[in-house]
Amino acid sequence: MTASFTRRLTAAFASVVLSAPLGAENLPVIQMRGGIPGTMRRITVENRATIGFLGGSITEMHGYVDLVQEKLQRRFPKCTFDFPRAGVASTCSDTGAFRVQKDILTQYPDIDLLFVEFAVNDNQDGHFTPEHSIRGIEGIVRHVRAVNPRAEIVLLYSANESHLANLAQGRIPPEIAAHERVAEHYRLPSIAFAQQVSDDILAGRYDWEKFGGVHPAPFGCGVYAALVDRLFAEAVPGETIKAYPDAPPLDPFSFSDGRILDVSEAKCDGIWRHSIPEWDKIPGKKRARYTGKKILHSDTPGATLTLDFTGTAIGYLTTAGEDAGIVEYSIDGAPFRKVDNFTAYSKMLHYPCTVVLAETLTPAKHTLTLKISAEKSEKSVGHAIRIFGFAAN
């Protein structure tokens, strides 16, 4: 965190302390709502539970998740736990909805409890509208419950500078408010990590530097893990393990049937290549997670592909570096539209994200036509498009 931001945040906190009652419009840190009675029965009576974690880099890093696992094993020593972990850095709730089947449910269809953490990335990475955040989070919830109606889900809201600045002024950040709409609709527990951090900093218990920033230091990870531990301390087991009723969707276009289609399903001209790119010859920082895979890629304007798919949404998973290009796309023969793949992070990293091209189609069969544009972002040094899979709903 920069010194200038520290000064701005301190000033914002001081303003709130002087102008408003502390916590006047605070978001409750822990909201139990429907609780986790099935999971607690599995833990305390059946002594076997599967508890998973889906999120971005805060979930992927060695941090609060490791501490939560340790605390659960100490709190419930008789229980045997499985802890599937599906944190992928930089990804947002829409990508989570498209990959939850592959990364969690394929291997753990009977999962008891899933923690979902995307509030930071929906803010600072995706810059999502509340509507798009709801489509991602509700998509995850409905997809998990469709596979396992007994599954319980807890939403987590981590802290970043934007969240703290909003909370210091008594405002709930828009993406957290969107996630809360889903939590309330489905009666899901939620833990507002960011609210606890804001309260603690306002009260002078520690500062943002000691906490460790967006990717918390061990101290900050301990703050998060202690809150999850409190959730389990307050939760009670149910008399039986029941399926949850199928509530009507908040948004009929939520990514509730999100899936990843293999790139081999596309019909490509000869300009595309299906191979591992020569990453060592491509400038820019890369993450090892992506550099060993065969993908669909080209850096030649005019390279064209078509993809037949069924559903209401279509897009693709990509990494966008400093050579990221612009795509032109058409669905079912409609006029072509353009999407620039170059992002605010592309100069620093081949940035992983899902480019959603359409998300409110009729639930029917469609054909996507996609080609690399001859136009180029003025900040980009190339026309490259690299596709790891197609995201469909």
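The values are calculated or read from the model by the stated rules, or taken from the named source; none is laboratory data. Treat the numbers as computed from the prediction; the structure is a model and nothing was measured. Here the Cβ positions follow ideal geometry from the backbone for every residue, glycine too, while neighbour counts run over all protein chains shown. SASA here: full protein model, heavy atoms, side chains in, ligands and nucleic acids out. Shrake-Rupley method; radii C 1.70, N 1.55, O 1.52, S 1.80 Å.
Laid out as a table, the results:
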read-out: Count of residues meeting criterion [part of a helix (DSSP H, G or I) and under 27 Å from residue 139 (Cβ atoms)] in the range 56-71; value: 8
read-out: Test: residue in the range 281-291 that is part of a strand (DSSP E or B) and crowded, with 17+ Cβ neighbours inside 10 Å; value: no
read-out: Filter pass, residue 32 being over 25 Å from residue 199 (Cβ atoms), of a type in the set (A, V, I, L, M) and surrounded by 14 or more Cβ atoms within 10 Å (Cβ to Cβ); value: no
read-out: Within the range 292-314, tally of residues that are exposed (fewer than 14 other Cβ atoms within 10 Å of the Cβ) and either under 30 Å from residue 362 (Cβ atoms) or in contact (Cβ under 8 Å) with a residue 60 or more places away in the chain (or both); value: 4
read-out: Where a residue in the range 61-78 is among the hydroxyl-bearing types (Ser, Thr, Tyr) and its partner, wherever it lies, is open to solvent by less than 50 Å² (accessible area, probe 1.4 Å) and assigned to a loop (DSSP other than H, G, I, E, B), with Cβ under 8 Å and at least six apart; value: 64/216
read-out: Complete set of residues in the range 315-326 that are crowded, with 24+ Cβ neighbours inside 10 Å and farther than 15 Å from residue 99 by Cβ; value: 320, 321, 324, 325
read-out: Residue ID - most open to solvent (accessible area, probe 1.4 Å), chosen from residues in the range 327-361 that are without any contact (Cβ under 8 Å) to a residue 40 or more places away in the chain and among the aliphatic types (A, V, I, L, M); value: 344
read-out: Criterion (among the aliphatic types (A, V, I, L, M), under 30 Å from residue 29 (Cα atoms) and open to solvent by less than 90 Å² (accessible area, probe 1.4 Å)) met by exactly one of 271, 241; value: 241
read-out: 3 or more residues modelled with pLDDT of 95 or more and of a type in the set (Gly, Ala, Ser): qualifying helices (runs of 4 or more DSSP H) within the range 80-158; value: 93-100, 130-147
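Conditions tested, residue by residue: (1) of a type in the set (Asp, Glu); (2) under 26 Å from the mean Cα position of the chain (by Cα); (3) modelled with pLDDT of 95 or more.
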site	(1), (2), (3)
238	no, no, yes
252	no, yes, yes
262	yes, yes, yes
272	no, no, yes
300	no, no, yes
303	no, no, yes
306	no, no, yes
314	no, yes, yes
